Structures are given as structure tokens and as C-alpha cells.
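Single-structure report; data block below.
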Amino acid sequence: MILKPSTTKQSQQGDNGAAEPHFAAEADLWPEAAQQSLQLMLARVNSVLLGKEEVVSRVFGALLAGGHVLLEDVPGVGKTLLVRAIARVIGGEFRRIQFTSDLQPADVVGGMVWDGKRSELVFRQGPLMANVVLADEINRTPPRTQSALLEAMEERSVSADGETRPLPQPFMLLATQNPLRDDGTYPLPEAQLDRFMMRLSIGYPAPEDEIGMLASGRQRLLPELLRPVIVPEEWMRMQKDAQSVHVHPALLAYAVHVVGATRASAELQLGASPRATLDWVRASQAAAYVAGRRYVVPDDMKGTAEPVLAHRLLVRDEAWVKGRTAAKVLSDIVAAAPVPMPASEGGRRR
């Protein structure tokens, strides 16, 4: 299927008034100020975490889409460093929760404590009451404490002592976990994994980037030295713009087809949920926004498929023993699905 670009003002709107995708029009670009702020934030974070531009861009895309991010990788590759840098450039309040085996739900969401001066119980806010929250080594805490995050991630609120309290806006949760050694860890349940828009891996640095890191030594720029680029209110406007990026109906049908194939696959015990479909579309919109476009192209969908969908899939045991992983099964499904192709003016494929 070819997605035809619009050629006239009248053809730029469909039946529902939404702009159809076209490629060379100046109106397809976002205001220069917003893009400058976004590119400056990306540049500042990349100055701290060397050689990981793609990962940084994907994290920003997930956060612009209103989602949460799970960073899963070996120790020492910069997971916490990345989150601290992002929190600095976005501005707002940042808090870190170090998850341990003895952490209780009240330590995360807060609870009622006795105020001696007022002679009454008052609510003490937990560390979740912040704009950017780092849940460090989230799999080190028992499921009872992990579940304290579910309401915050989905509803943007916390309930304590019979009262529901809204979280600050914007609210972004970035969690880290190490995939090595199961001792003393509690795997995240499927319901919680489904609430993370993306699962990403940073990976080891390239040799030249590691040499640069060693050469800079103590002079290396630290996240605490980064200055905020925007205030939280501006970030919320950018999120709203990212979620208004146009998605062609053919791409929506493509997303539903791929997700449906995961549910029907004989190699998967659990396919992607409707929440996953919605997250995939939103992540694609954010990827287009980061690229400076007002419309989604198929590459946006394909580029975000694995980080959004793979961690939500559960491979059957018989497929797993054959070396099949969720990422490999998903890759085959995406490769087999017919992709709508956009066309530029004059009918040429781009």
C-alpha cells in the first residue's frame, strides 16, 4: 500500500480533518524554538553519556509520549548517569529510590506520621512525589513494594491511608535493573512490565568513546553540572505536541496487524496487549516529533517496535529451548508484515 502525499490545501485534510502525510511542506516542521530546546537537551545529555545518541533519543521519545522507561543492562554502563542527566535538563524535582529487599510500600508512596508540634497525624510524601523518579535496581525489592508503583505509573496518583493523591505533573518513572544473577532479585510481573512503554539497553561504549571517557578523567562533565533547558510546564507542552503528530490510518492498521500476530503466534504464550498497541503508536509519534516531523512514517513504527513490544511478550518453553527469544519472534513478525510505504510528490517512493 502506498501512502500518497497531499498536493493541495484541500487534500491535506481527510474526512476527520486530520492532515494527510506529505513530505516537503514547510508546515510539516515544528516551531524552531521547540526543536532547538529539544536538540539542546539531547546534546547536553549526550555530552555526559558518550556515544549513545540512539539510546538517548529513544528515552526522550518515550518520555515525550508520556511513558515510563525500564533500563536493563549490566552494571557500570551508565544507566543511573543517563537518568540523572535527563532529570537535570528537563528541570523540575528529581528523586531517586534505591530499591532494597527491606523496602516497604510506605517508603515509596509515603504515609501518615505523627507531628509532635501539631499533635496530629500528617501525610509525609514519599519519593514518588516528584517530576522525574529513578527507581534504581527495581528488581531488588519484593513484589509487595513493586506493586506500590502500579497506580503511580498508570493513574499518576498514589493511595495511602484511604486517600488518593495526584502526583506532580509531569511525572516520569525511569527504572533500572541488572539482568545478571537471580540471587536476591524478584522478577517484575507481566502487569508491571506492561506499564513500561519501553525497555532499553545502553550497552558497552565503543572503544573510541571509552578512550575519551578515560582521557577526560575528573574533568568529565557530570550530570549535576548540567543546567536545565526548560521548565516542567514547557515539557508538558512538548508532550502535547508530540501526541498530536498525525498517524495515517494505514499505519494504525499496520500496528493492529503486527500486535494481532503476536497474539496468534504459536511460539508465544502471551502476546502484546491493547495498551502495547497504544504505546507503540504514541512512541512512533514521539519518534517523529524528535525527528522534527508532524507525521509518522513507517520507519518510526519499525524503529520503535522492539523496545515497545518485546518485553511484553512471553515465549513458550518449547520455543525458548530452541533459542527463540521474544525479540527474534517479534522481528520475524515485523519482517513478514506488509508495511505501508509513503510516496513523495510525483509518486516516487521515499
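The values are calculated or read from the model by the stated rules, or taken from the named source; none is laboratory data. Note that the coordinates shown come from a computational prediction; the quantities given were computed from them, not determined experimentally. When we count neighbours, we look across all protein chains shown, and the Cβ atoms used for this are built from the backbone with ideal geometry, even at glycine. These area figures cover heavy atoms from the full protein model, side chains too; ligands, DNA and RNA do not enter into them. Shrake-Rupley method; radii C 1.70, N 1.55, O 1.52, S 1.80 Å.
Summary table below
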read-out	value
Single match in R263, R316, R237, R282 (criterion: modelled with pLDDT of 95 or more, of a type in the set (D, E, K, R) and within 26 Å of V132 (Cβ to Cβ))	R282
Filtered residues of segment 95-106 (kept if small (G, A, S), part of a helix (DSSP H, G or I) and in contact with a helix residue (DSSP H, G or I) (Cβ under 7 Å, 6 or more places away or on another chain))	none
Spans of helices (runs of 4 or more DSSP H) in segment 193-298 with at least 2 residues open to solvent by less than 30 Å² (accessible area, probe 1.4 Å) and in contact (Cβ under 8 Å) with a residue 60 or more places away in the chain	232-242, 249-264, 274-290
Residue selected from segment 123-141 under the condition modelled with pLDDT of 90 or more and in a loop (DSSP other than H, G, I, E, B), by the criterion most open to solvent (accessible area, probe 1.4 Å)	E137
Those residues of segment 150-192 which are open to solvent by 80 Å² or more (accessible area, probe 1.4 Å), outside any helix (DSSP H, G or I) and modelled with pLDDT of 90 or more, in sequence order	P166, Q169
Qualifying residue in segment 19-26 (condition: open to solvent by less than 20 Å² (accessible area, probe 1.4 Å), at pLDDT 60 or above and within 19 Å of V281 (Cα to Cα))	no
Residue match in segment 267-290 (condition: among the acidic types (D, E) and within 20 Å of E53 (Cβ to Cβ))	no
G61 at pLDDT 95 or above and over 22 Å from A148 (Cα atoms)	yes
Residue in segment 81-94 that is small (G, A, S), outside any strand (DSSP E or B) and open to solvent by 20 Å² or more (accessible area, probe 1.4 Å) present	yes
Scope segment 64-77; condition out of contact with any Leu (no Cβ under 8 Å at 6 or more places or on another chain) and closer than 17 Å to L309 by Cα; matching residues	A65, G66, G67
Subset of segment 107-122 that is assigned to a strand (DSSP E or B) and either under 26 Å from V74 (Cα atoms) or touching a Lys or Arg at 6+ places or on another chain (Cβ under 7 Å) (or both) - its residue that is modelled with the highest pLDDT	G110
